Amino acid sequence: MEITFLLNGETVALTNVKPTTTLLDWLREERGLTGTKEGCNEGDCGACSVVVQDVDGQKALNSCILFLPQLNGKAVRTVEGLSAQDGTLHPVQDAMIKHHGSQCGFCTPGFIASMASAHANGATDYDNQLAGNLCRCTGYAPIIRAAEEASAEPVPDWIKDELPPSPEATSMQPVSSDALARLYAKMPEATLVAGATDVGLWVTKSLRDLKPVIFLNRCADLTEVEITEDAINIGAMVNMNTLREVLTPYFPSYAEMLRRYASTQVRNAATLGGNIANGSPIGDNPPALIALNATLNLRLGDRRRSLPIEDFFIAYGKQDRLDGEFVESISIPKQPDRLKVYKISKRFDQDISAVLGAFNITVEDGKIAAARIAFGGMAATPKRARHVEDALIGKAWNEETIANAWKAWEQDFTPMSDMRASADYRLEIARNLLTRYYLEDLGAQTSVLEVQP
Amino acid sequence: MSVSAPLPHDSAHLHVTGQARYVDDIPTPKGTLHLAFGLSTIARGTIEDMDLTAVRAATGVRLVLTASDLPFENDVSPSIHDEPLLSEGEVHYLGQPLFIVIADSHMNARKAARLAQVTYVEKTPILTIDEAMAAGSHFEDGPRIWARGTADDAIQNAPHQLNGSIDMGGQEHFYLEGQAALAQPQDNGDMLVQSSTQHPTEIQHKVAHALGMPMHAVRVETRRMGGGFGGKESQGNALAVACSVAALITGQTCKMRYDRDDDMIITGKRHDFRIDYTVGYDASGRVQGITFLQLARCGWAQDLSLPVADRAMLHSDNAYLLEHIRIESHRLKTNTQSATAYRGFGGPQGMLGIERVMDHVAHALQMDPLEVRRANFYAEADGGPSAPQSPAAQASPPEGILVRKNITPYGQPVTDFVLHDLVDQLCESSDYAARREAIATWNAANPVLKKGIALTPVKFGISFTLTHLNQAGALVHVYQDGSIQLNHGGTEMGQGLNQKVAQVAASRFGVAMSAVKITATDTGKVPNTSATAASSGSDLNGMAVKNACDLIRARMADFIGSHPDYACAPETITFKGGLVYAGGQELTFADAAKLCYENRISLSATGFYKTPSLEWDRIKGHGRPFYYFAYGAAVTEVVIDTLTGENRILRCDILHDAGSSLNPALDIGQVEGGYVQGAGWLTTEELVWDDKGALRTHAPSTYKIPACSDRPDIFNVALYKNTNAEDTIYRSKAVGEPPFMLGISALMALSDAVASCGAAYPNLDAPATAERVYHAVQSVQND
Ligand SMILES: Cc1cc2nc3c(=O)[nH]c(=O)nc-3n(C[C@H](O)[C@H](O)[C@H](O)COP(=O)(O)OP(=O)(O)OC[C@H]3O[C@@H](n4cnc5c(N)ncnc54)[C@H](O)[C@@H]3O)c2cc1C
Ligand code: FES
Ligand code: FES
């Protein structure tokens, strides 16, 4: 493939790029830019973070699972390009020295990239901004002190790039959903790459040779969000951070779950379409979308069809998607917000859910008028708890009703044991999350994240 | 003076600009080859057939080596030659290296390594502590037992008894930089190895054996590691040896770095332990007698497991006087990764055992656990107020009390016990008592969420328990322009050792830090070094550097004093602020160096240091294994959700004793980082093996070290005003490992929170994941 982008302010034009070359390998092996580190090669540690600028602004991304074609038309800054040409340090670099924010220093370049990106965006929610950067040495405290101090400094002018002119469309990187539809219909064996937060690992960990590969990232129309009177329509290529912003006013609990979905870097890449299309039983969006009764819009060539999202997931590894068909958008019906999404994992941030429960329960006159409850991590697919719903609907909204639904849980779910949690724990927690929803409704404090020291 | 100044890490500027070089960043010659291991896919058995045709035929592969291709020794063990680099037919754990792929790229080597067709005759693996106990699978002949007094009688005769058991998981080091080595062949087949290792001399030794050459033919250099934590004390041997052998055979530079998943699957971790205890105590919570059964899962090879298990025994008293005690320690051999050194080196496990006992006893007596801890403290130093004595203790013969008063179970007197005062200060600064009350009130008002608080102390013994390791060397050059180059046997893994040692050198010569240059650790400059481990880095190397500097300084003073322009007694000459003051005159240090050079005074010296006063019999469990103790204490407050077990740390206050700190900024960094790592060990960091022996948590996606938001919301860390009673370098204390154990307060705070859910004792095992906390809540509620 042919691509053009800016690297630390200089134009790079590459031809014959192997499409699944990661930015990290290219930086370190081809360019000798070894400041950017490999700590895991799977998006989890942030040592490989770089700052990428596109039309939406600057964001941190993990270069270990970023394929070069995803940079086409963008600008990248690595740690080497965050200080000025004359050696003047970026304010976050200065502050990190002053506050002893590095010990072994191996995580540091990645932190610098994330911090510089947060700094450029005026973001000060450091626990979120840095959730995707692991440090084994410092305990993070000095890094946060550094970030706080640097926030008062102006954004240095040298880190803003003039984006290169938009490159011409290339055959495997269509620039509209129409073009994508034509290409994919002709080439249904191709692997679609959206944010590459799954596909990247197929290359770096499963060591798969993928070809052909179609990149979706230049289909601008797939990143659109349209809010109508009845629905929120979200393009398949909308990333998790954008989705979080979009949903905050409508479904704050969903947005709070997205705050904890992976990390800033992964959320900047991961798309809603990818999170649905991968069919994972532990993806975080599907249960929430099922509970909201969302509609999935698929497209094959010029043919479009829509289905309730829960019907998309047929069995483990099997979805209702035809060869050459792709996810175009998702529609969430507007509704009074009764949604709570509970993500249970070993670690609060940047962790795959052991259990994800989404509850959408409507209470009228003390009675449960409607209930849509869906779970991830409890079955081979994201799954609705229909027996539980049936046990609730029409009953009084009280502890007795919840207790009476006890048996229904086992009819809905027989979860597995794995390294994230045991089957028993999963089932018991699922039950307890309904209690949490109820108590929260009554005004009780139920989240340890909201407790202050 | 540079010593005690809070200077930043010497490489801080390089770190933040990405210029700091780690092994994988070193530019390599064209044609450099890359290595990967092919790994076993079963935990125990023998290889029936290993078909490597597809591996050899894979893209980019230059050569594949198996055990029979190795020219000399096939061993990478740091202890008893029981760890072949490549399997010779026996498979001991899932992930054991079977062959080496040598290819033109890292990726091609990794890809090829997966193409082997191996058939095995499988045997049932021994995976768990229970299975190993049942099979009698031990290192050493059997258990090691150390005892003092008459534990069983004392327990029997005590007013109260209880027993219990705690399981504590292992821990992955998760150094951010994975293991890596680079070998470059030199003239005559000599080898230059750059290795991410805490122990260059060990690498040199193992490589020399593998190449069939004397140690002088191998030079090992380590500039810095991206974290070590004990995980690079012996675990780097395999990569360095593999690269050196490959480099010898191919004549080409060879590099190997583990992919993260491979790293976690191949290398050893912290030992998981089960500790059973039986204790007799009185109404004040004072322990009358205690027995511990320590079961350590050591994995397939001995590695450093014996000294690790010893240190667990040595810390089963922590801060408490235990007069009648018996400790039985089993070092169990299992078909899992060979457990290895990890910050604290068994100390944390042993200490957690006794801290659990304190917590359990307090619960049984319905007392604040802190009161029980205080009741058991060693007496204060210098005849200050001693620990409260129970009536039972007073009834025993007075000379018995005197003799045993401040002596550890292994016979070492505790002469500078500062925890009474340190804990008082911490209680005050953290407002412990009021917060404990406030938490009880809060818990009464909150049905779902519960808070907990705990204060735990640390007393950690400093020195290698293998006495001969307590030595270090240094090489110091003063150049004629007054600049100083410095080398020592310690390695830099983030702890700031180089900076501390440079501060020592700058202080000895009275020059600015900019005059001192630190260079990479190099077996060609300082030989026969010990691992940078046991927190001993600055104690040993700082002293060796001081001795070297003082030799040169004395030569300079002797000469200048004898010089007619200055004519004065050498002892009256001082080195300060970049100047040398002699005979009422002054000259710059640079001029002094030049003068000495021109007058043929040697300006280069080696320094040597060995820790005094040590003597230790590990079989009897008696003597003075430690030069001194480092102290600290932490108060942690947590909140748990009783519906899910989710939990988090709200606040932590720490007061830690670093003696008179060489560099308070770096020391506080060690304390903060150590605490978070220790808390991680006991909360979210869970290693899970399946019943085939496959490690299921072999990447950061499944193994969860603390992330940014897991640090305490409020995190107050201070150094205790103290100076080392022993004559250490500027009276400082080691600070690498001790703060790790402050993390124990997090587990105890969780236990406190769970305890508020019912009457029963929580019996909370570690790591206290949400699931374990949930089950503990359930058992407390249902009891
Ligand atoms: C470090 C890390 C943390 C993570 N944490 C979480 C987490 O907390 N919660 C969670 O749910 N997931 C998590 N994930 C998984 C991952 O981020 C998601 O599954 C992600 O949403 C996938 O989106 P993507 O755009 O990156 O997809 P890609 O990797 O590009 O593609 C994924 C799959 O979907 C297909 N695909 C993509 N777009 C379309 C489309 N429009 N139509 C049809 N097929 C398509 C691809 O061909 C591929 O099969 C994590 C991943 C990483 C690496
Ligand atoms: S290397 Fe760990 S996130 Fe990229
Ligand atoms: S400084 Fe070592 S991992 Fe962060």
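Given an 8 Å cut-off on Cα distances and at least 6 residues of separation, report the relative contact order of segment A:1-66 as a percent. The partial results should precede the final answer.
Working: 87 pairs, mean separation 16.6, N = 66.
Reported relative contact order: 25 percent.
Among the listed pairs A:Lys343/B:Lys451; A:Lys74/A:Lys160; B:Lys206/B:Lys232; B:Lys546/B:Lys610; A:Lys340/A:Lys383, which have their C-alpha atoms separated by more than 19 angstrom in this model? Please report the intermediate quantities before stating the final value.
On the way: A:Lys343/B:Lys451 21 Å; A:Lys74/A:Lys160 12 Å; B:Lys206/B:Lys232 14 Å; B:Lys546/B:Lys610 13 Å; A:Lys340/A:Lys383 16 Å.
Pairs exceeding 19 Å: A:Lys343/B:Lys451.
On average, how much area does the Cα convex hull of chain B cover when viewed from any direction, in nm²? Spell out each step's value before the answer.
Values: hull surface 139.5 nm².
The number I arrive at for chain B is 34.9 nm².
Work out, step by step, the length gained on full extension between A:Asp390 and A:Arg305: first 0.36 nm times the residue separation, then minus their alpha carbon distance; give nm to one decimal. Before the final figure, lay out each step's value.
Working: separation 85, 0.36 × 85 = 30.60 nm, distance 2.92 nm.
Here the segment from A:Asp390 to A:Arg305 would lengthen by 27.7 nm.
To the nearest 20 debye, what is the magnitude of the charge dipole of the protein assembly as shown about its Cα centre, counting +1 on the Cβ of each Lys and Arg and -1 on the Cβ of each Asp and Glu? Before the final figure, lay out each step's value.
On the way: 107 positive and 145 negative charges, 189 e Å.
Charge dipole of the protein assembly as shown: 900 debye, to the nearest 20.
In nm, to one decimal, how far is the modelled label at B:Asp82 from the one at A:Asp221, with both set 7 Å along Cα→Cβ?
The two pseudo-label positions are separated by 6.9 nm.
If R0 is 22 Å, what FRET efficiency do you get for A:Arg208 and A:Asp320 from their C-beta distance, rounded to 0.05? Intermediate values should be presented prior to the final figure.
On the way: r = 25 Å, r/R0 = 1.12.
The calculated FRET efficiency here is 0.35.
Any idea of B:His92's accessible area? Nearest 10 Å², probe 1.4 Å.
Ignoring ligands and nucleic acids, B:His92 comes out at about 60 Å².
Shielding by partners for A:199-211, please: the mean number of other protein chain Cβ atoms within 10 Å of each residue's Cβ.
Working: counts 0, 0, 2, 0, 1, 5, 6, 1, 8, 1, 2, 0, 0.
If you average over the peptide's residues, the count of other-chain Cβ atoms is 2.
Quick check of the Kirkwood formula: for chain A, what is the inverse mean of 1/r over all pairs of different Cα atoms, in Å?
Numbers: mean 1/r = 0.0433 Å⁻¹.
It works out to 23.1 Å.
Starting from 0.36 nm per residue, how many nanometres of slack lie between B:Glu598 and B:Arg56 once their C-alpha separation is accounted for? Working shown, then result.
Details: separation 542, 0.36 × 542 = 195.12 nm, distance 6.24 nm.
Gain on extension, B:Glu598 to B:Arg56, equals 188.9 nm.
Could you give the dipole magnitude of segment A:224-441 about its Cα centre, charging the beta-carbon of Lys and Arg +1 and that of Asp and Glu -1, in debye to the nearest 20? Could the numbers behind the result be given before it?
Details: 27 positive and 30 negative charges, 88 e Å.
It comes to approximately 420 debye.
To the nearest 10 degrees, how steep is helix A:108-120 against the longest Cα principal axis of chain A, on a 0 to 90 scale?
Result, in degrees: 80.
Would you work out the relative contact order for chain B, in percent, from Cα pairs under 8 angstrom that are 6 or more residues apart? Numbers along the way, then the final one.
On the way: 1959 pairs, mean separation 113.5, N = 783.
Value for chain B: 14 percent.
Is it possible to state the helix-based mean residue ellipticity at 222 nm for the protein assembly as shown, with each DSSP H run of 4+ residues giving -39500 (n - 2.57), the sum divided by total residues, to the nearest 500 deg cm²/dmol? What is it?
Result for the protein assembly as shown, helices only: -8500 deg cm²/dmol.
Choose one of A:Leu427, A:Val175, A:Ala444: the residue whose Cα lies farthest towards the positive end of the charge dipole of chain A (beta-carbon charges +1 Lys, Arg; -1 Asp, Glu; about the Cα centre).
The residue sitting farthest along the positive end of the dipole is A:Leu427.
Of A:Arg218, B:Arg356, which has the most accessible area with a 1.4 Å probe, and how do the rest follow in descending order? Intermediate results must be reported in sequence, preceding the final value.
Values: A:Arg218 35, B:Arg356 5 Å².
Ranking A:Arg218, B:Arg356 by accessible area, largest first, yields A:Arg218, B:Arg356.
Could you tell me which of B:Val121, B:His34, B:Ser4 has its Cα farthest along the dipole of segment B:1-137 towards the positive end, charges placed at Cβ (Lys, Arg +1; Asp, Glu -1), taken about the Cα centre?
Of B:Val121, B:His34, B:Ser4, it is B:His34.
At 7 Å along the Cα-to-beta-carbon direction for both B:Met215 and B:Ser4, put a label point, then send me their distance in nm to one decimal.
Rounded to a tenth, the inter-label distance reads 3.8 nm.
Farthest toward the dipole's positive end in segment B:212-353, which of B:Val308, B:Tyr342, B:Gln252, given Cβ charges of +1 (Lys, Arg) and -1 (Asp, Glu) about the Cα centre?
B:Gln252
Given the protein assembly as shown, what percent of its DSSP beta bridges are antiparallel, to the nearest 5? List each step's numbers first, then the result.
Details: 161 of 192 bridges.
Among the beta bridges of the protein assembly as shown, antiparallel pairing accounts for roughly 85 percent.
For B:Ala283 and B:Met133, what is the calculated FRET efficiency with R₀ set at 30 Å and r taken between the beta-carbons, to the nearest 0.05?
Values: r = 35 Å, r/R0 = 1.18.
It comes to 0.25.
What is the P(r) of the protein assembly as shown, as percent of Cα-Cα pairs per 20 Å bin from 0?
Spelled out per bin, shortest first, that is 11, 39, 37, 12, 1, 0.
Which whole number gives the average, over all residues in A:140-152, of C-beta atoms from other chains lying within 10 Å of the residue C-beta?
Working: counts 11, 13, 5, 2, 4, 0, 1, 1, 0, 0, 0, 0, 0.
Averaged over the peptide's residues, the number is 3.
With charges only on Cβ, +1 for K and R and -1 for D and E, what is the dipole size of segment A:319-369 about its Cα centre, in debye, rounded to 20?
On the way: 8 positive and 9 negative charges, 76 e Å.
Dipole of segment A:319-369, to the nearest 20 debye: 360 debye.
If packing is taken as the mean number of other Cβ atoms within 10 Å per residue, what is the order of B:514-522, B:290-298, highest first? Please list the in-between numbers first.
Values: B:514-522: 19.1, B:290-298: 24.3.
Top to bottom by mean Cβ count within 10 Å: B:290-298, B:514-522.
What are the extents of the Cα atoms of segment B:478-602 along their three principal axes, listed from largest to smallest and rounded to whole Å?
If we take the Cα atoms of segment B:478-602, the spans are 48, 25, 22 Å.
What is the distance in Å between the Cα centres of segment B:755-783 and segment B:277-314?
The distance from the Cα centre of segment B:755-783 to that of segment B:277-314 comes to 23 Å.
Can you compute the FRET efficiency between B:Asp591 and A:Glu29 using 1/(1 + (r/R0)^6), with r the Cβ-Cβ distance and R0 = 56 Å? Round to the nearest 0.05.
The value I calculate is 0.70.
So what is the relative contact order for segment A:4-109, in percent, with contacts set as C-alpha pairs under 8 Å and at least six apart?
Working: 160 pairs, mean separation 34.1, N = 106.
Once normalised by length, the contact order is 32 percent.
What share of Cα pairs, in percent, lie more than 28 angstrom apart in segment A:1-165?
Details: 2157 of 13530 pairs.
That tail contains 16 percent of the Cα-Cα pairs.
Let me check I've understood the local charge: for A:Asp302, count other residues with C-beta under 11 angstrom from its C-beta, Lys and Arg +1, Asp and Glu -1. What total comes out?
On the way: positive: A:Arg182, A:Arg299, A:Arg303, A:Arg304; negative: A:Asp178.
Here the charged neighbours net out to +3.
Describe numerically, in nm with one decimal, the distance between label points set 7 Å from Cα along Cα→Cβ at B:Ser562 and at B:Asp276.
Taking the simple label geometry, B:Ser562 and B:Asp276 are separated by 7.1 nm.
For B:Lys459, what charge total do you get from the other residues with a beta carbon under 14 Å from its beta carbon, if Lys and Arg give +1 and Asp and Glu give -1? List each step's numbers first, then the result.
On the way: positive: B:Arg311, B:Arg373, B:Arg374, B:Lys733; negative: B:Asp317, B:Glu355, B:Glu380, B:Asp416, B:Asp421, B:Asp657, B:Glu737.
Computed value for this residue: -3.
Can you sort B:Trp681, B:Trp442, A:Trp397 by 1.4 Å-probe accessible area, starting with the largest? All intermediate terms of the calculation are to be shown ahead of the outcome.
Numbers: B:Trp681 5, B:Trp442 55, A:Trp397 35 Å².
Of B:Trp681, B:Trp442, A:Trp397, the descending order of accessible area is B:Trp442, A:Trp397, B:Trp681.
Lys and Arg at +1, Asp and Glu at -1: add these up for the other residues within a Cβ distance under 14 Å of B:His656 and post the number. Display every interim value, and only then the final one.
Working: positive: B:Lys459, B:Lys721, B:Lys733; negative: B:Asp421, B:Asp653, B:Asp657, B:Asp667, B:Glu672, B:Glu737.
Residues near B:His656 contribute -3 overall.
What per residue convex hull volume, in Å³, do the alpha-carbon atoms of segment A:349-453 yield? If you can, show how the numbers build up before the last one.
Values: hull volume 11.7 nm³, N = 105.
Per-residue hull volume (Cα only) is 112 Å³.
The values are calculated or read from the model by the stated rules, or taken from the named source; none is laboratory data. Please read all numbers here as calculations on a predicted model, not as lab measurements. Neighbour counts are summed over all protein chains in view; Cβ atoms, including those assigned to glycine, are modelled from backbone coordinates with ideal geometry. Please note that ligands, DNA and RNA were not included when accessible areas were found on the heavy atoms of the full protein model with its side chains. Shrake-Rupley method; radii C 1.70, N 1.55, O 1.52, S 1.80 Å.
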